[in-house]
Structures are given as structure tokens and as C-alpha cells.
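Asks: Right, I'll just put the structure down here and ask away after.
The values are calculated or read from the model by the stated rules, or taken from the named source; none is laboratory data. As the structure is a computational prediction, the values presented were derived from the model and not from experiment. Here Cβ is always computed from backbone atoms with ideal geometry, including for glycine, and neighbour counts include all displayed protein chains.
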Amino acid sequence: MKYINKSFSIEKVKAQNLAKKFNTPIYCYSYKLLKENINNFKKNFKSFSPLICFAVKANTNVNIIREIGKLGLGADVVSIGELMKALKAGINPKKIVFSGVGKTVDEISYAIDKKILLINAESKSEIIEIEKIAKSKKKIINIGIRLNPNTDAKTLTQISTGKKENKFGVDKKTFFELVKYSKNSKNIKLKCLSVHIGSQIVNHIPYEKMLKVVNRIIKKTNYKFEFIDLGGGMGISYDNNNKKLNYKKYSIAIKKNLKTHKSKIIFEPGRSIVGNIGVLISKIIYIKENEKKDFIILDAAMNDLMRPALYGANHRTLPVLKTNQISKKTYQFVGPICESTDKFITLKKFQKLKEKDLIVMCDVGAYGMSLSSNYNVRPKPVEILIKGSKINVIKKRQKLSDLI
Ligand code: LLP
């Protein structure tokens, strides 16, 4: 993503031309960045050749999942819908893990029929349910147990999952109990310890703490886990000053703490694979002057990109055509939805804008389209994947007639 002759471009395609051709808002992704992210991830963790399962919740476009699969990754899913999409995208079931606190009978049954690698259970009740279904199907099912290590991920509270007050996983005491229970079961085979302490983690220290807990617990259980699933959470840089997770340091910590167990490591990265590959292109409908700031009213809204309204997230916002004329006004970028939380970023010294100008919001490839909704009966945007100068529509814009 860069400016070519002052025109914001995704690989070799100008955002301006996409807007002309497809109208706005548009989710647009770069294949080159996707490939780079995956190669970079693989390279940094190469020494223990992990199984990398893309967390489908971050981006549920089947074509994106297919490209990720072709680049060698598996999938981490949390619902039957995500599992169906992963399978449709051609992901090998033997590379699929199923996470989540509330898997239903139908979901477990479907996962068993599709012969996926692991169902990562999060409670005793779930293990009993899996066992029951497995028994009725006369099968032995591979499971993991998700541990809640009670470690602070030092990220937003809304996206922390590894503290004891969070609903995820089981505490240490229950973990030991469930290992014992599983060992004695005829229809389940315990293969994995899984953890996931949160998302957008930019410092390796919380991971290090979690790894120490995992190490201690495995030693105490004295059980040979074929897999240790460390979840995802690797943070990316949302603005040029913010740091991202140092993979090397995380990798060293993993080796230090888990090497002796000789288990295969599984990762479930979402954001770090797709976060920076996507932009949301939007057009200014109106500019409304206000005493303290001008409201830049966009045709994209919180239903298209929820992260600012949900988490107060700021997405780097740039003009599609650069003019170098700076405005003296403060701009607040907002959507047309009837909610005061329907606002994006507030910026000073932005380029002078006028109505009908185009802007892009960056780093929306993860939890952008996948969190979108039809609130206010707004059709979902078109999704486009760019490969060099090739434009692929990977999901059509929803039609109003689909909604009414
Ligand atoms: N594995 C499990 C079990 C998870 O719950 C998650 C994310 C992941 C993997 C992938 O985490 P990642 O590598 O993407 O951080 N909507 C929020 C993020 C919610 C994350 C939920 N779980 C956001 O937009 O920031």
C-alpha cells in the first residue's frame, strides 16, 4: 500500500479507480501483504515447524481463507459456520482446530463427522458432551483442554481472555481433574493443551508468563501432550509509532519453556496474518462545520467497521489523493448511523478535504468485514482482492433487495 503519483494504491491498483468502478465503501485487500505476513510468521517460528491455524474469525471471506490455505495454513474455527467456510475453502480437516466455550451438540457432531484435528474443550460439561456424542458414533475423538492460565495479556480488557475472571478455559485445578477424567475415557483421546490469553498483544512478557505456567502445569500432570496450542493474539502496529509483537523474542521464550515436552506447537493467529492487508475505501458524503471541529461524514459507518465503536480503536486514515494542502480545522470522521458511537478517528492537520473526496482507513483486514452488520439496513460492502494489477471481486456488495 503506497502512493503512486500521489494516488493511494493497493499494489498496482489505484483506490480512486476502484471507487469509480465499484462505488464505495469497499474493503480492499492486498495478496502480496498476505503472502509476506505468512512467510514472515513461518520464518520466525521455523525452528519448531508449528502447525499454523488461521483464526477464521478475523476474516471469514472464503476466498481469503482459500489463499491462506494454499500458503500452507490450517484453520482455527469457533462455530459450525466458520468450520463450513474453512472446509469450503479447501482447508485440510487434519489442520483444523475447533475452539470456543459454547459448542452445541450439532457443532460437535459435525466436527466429528468431518474428522478435524482437534476439538479444544473449555469445560467439563463440554468434555462429557463430546464423549457422549463420540460414544453414540462409536468413535474415539481427539480433544484438547483449554487452560485459563490466569495471566494478564496487558491488552484492552475487552479482548483479554486469559484471566481467571474471563469465561475462557478452565482453571489449573479443573485442568488436572479433566486430564485424569480424559485418561480414563474410552471415547476421547486427550492430545492437546491449549491456551489463548488475548488479542493485540504487543509485548512478549505476558506470553512468557503464560509459557511458564504452561510448563509448570505440564510437568505436574506428567502427561505427554502431542500438541500444545498457544492460540493467537500477536499484536500488529496500528500506527507508525506503535510497536508490534517481536516474534523472535516470543519464539525464544517458547523454546526455553516448552522444548523439553517435545510437543508439536500449534498457533492460531488471526490479526497478524490479515490485519494490515486490508483498507476500507470510503467517500465523503457531507462536511458539516462545527464550532470546534468539522464532521467529515463518510459513506462507511460503524456497521462496516465496528472496531472504533467497540474498542475505541483508531485506524490510520489517509486521503486517497494527496494534495499537500493542510487544513487548519480539526476533522472528526464519522458515519451516517444514528448513534453517537458511529465515529472513527479525530485528526488535526489533516489534508484539506471537500465533499465527495475519498479516504482510506488502514489495517482493517482483521475484524473489519467479519464484525460488520446490517444495522440501519445498510448493505455490506464489496470485498476486493488485489494481486499486482489484477482486481478480483471476492464478495459482491450486498443488494438492498437482499435485505428488504
Ligand atoms: N484463538 C482464539 C481461541 C481466539 O479467541 C482468538 C481471538 C484467536 C485465536 C485469534 O486472535 P488474534 O491472533 O487475531 O489476536 N474483535 C477484536 C479481537 C477479538 C479476538 C477474539 N479472539 C478486535 O477487533 O480487536
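Asks: Testing residue 211 on (1) surrounded by fewer than 23 Cβ atoms within 10 Å (Cβ to Cβ); (2) not in a strand (DSSP E or B), one condition comes back false. Which one is that?
Replies: (1)
Asks: At least 1 residues that are buried (at least 20 other Cβ atoms within 10 Å of the Cβ) and more than 18 Å from the chain's Cα centre (by Cα) in each: list the strands (runs of 3 or more DSSP E) lying fully within region 7-89 that qualify.
Replies: So the answer is 7-10, 26-30.
Asks: Please verify whether residue 167 is more than 16 Å from the ligand (Cβ to nearest atom) and either of a type in the set (Gly, Ala, Ser) or assigned to a loop (DSSP other than H, G, I, E, B) (or both), treating the condition exactly as stated.
Replies: no
Asks: Within region 53-71, can you find the residues that are of a type outside the set (Phe, Trp, Tyr), within 28 Å of residue 391 (Cβ to Cβ) and within 12 Å of the ligand (Cβ to nearest atom)?
Replies: 55, 56, 57, 58, 59
Asks: Separate question: Here are some residues: 342, 299. Which one is more than 13 Å from the ligand (Cβ to nearest atom), closer than 22 Å to residue 159 by Cα and not polar (S, T, N, Q)?
Replies: The unique qualifying residue is 342.
Asks: From the list 340, 282, which one is among the polar types (S, T, N, Q), under 28 Å from residue 63 (Cα atoms) and outside the structural domain of residue 41 (by TED's automatic domain parsing)?
Replies: That would be 282, the only listed residue that is among the polar types (S, T, N, Q), under 28 Å from residue 63 (Cα atoms) and outside the structural domain of residue 41 (by TED's automatic domain parsing).
Asks: Assuming residue 8 fulfils every condition listed in (1) within 30 Å of residue 248 (Cβ to Cβ); (2) in the same structural domain as residue 321 (by TED's automatic domain parsing); (3) aromatic (Phe, Trp, Tyr) apart from one, which condition is it?
Replies: The single condition residue 8 does not satisfy is (1).
Asks: Going through region 191-244 one residue at a time, which ones are away from the ligand (no atom under 11 Å from the Cβ) and among the hydroxyl-bearing types (Ser, Thr, Tyr)?
Replies: Those that are away from the ligand (no atom under 11 Å from the Cβ) and among the hydroxyl-bearing types (Ser, Thr, Tyr): 207, 221, 223, 237.
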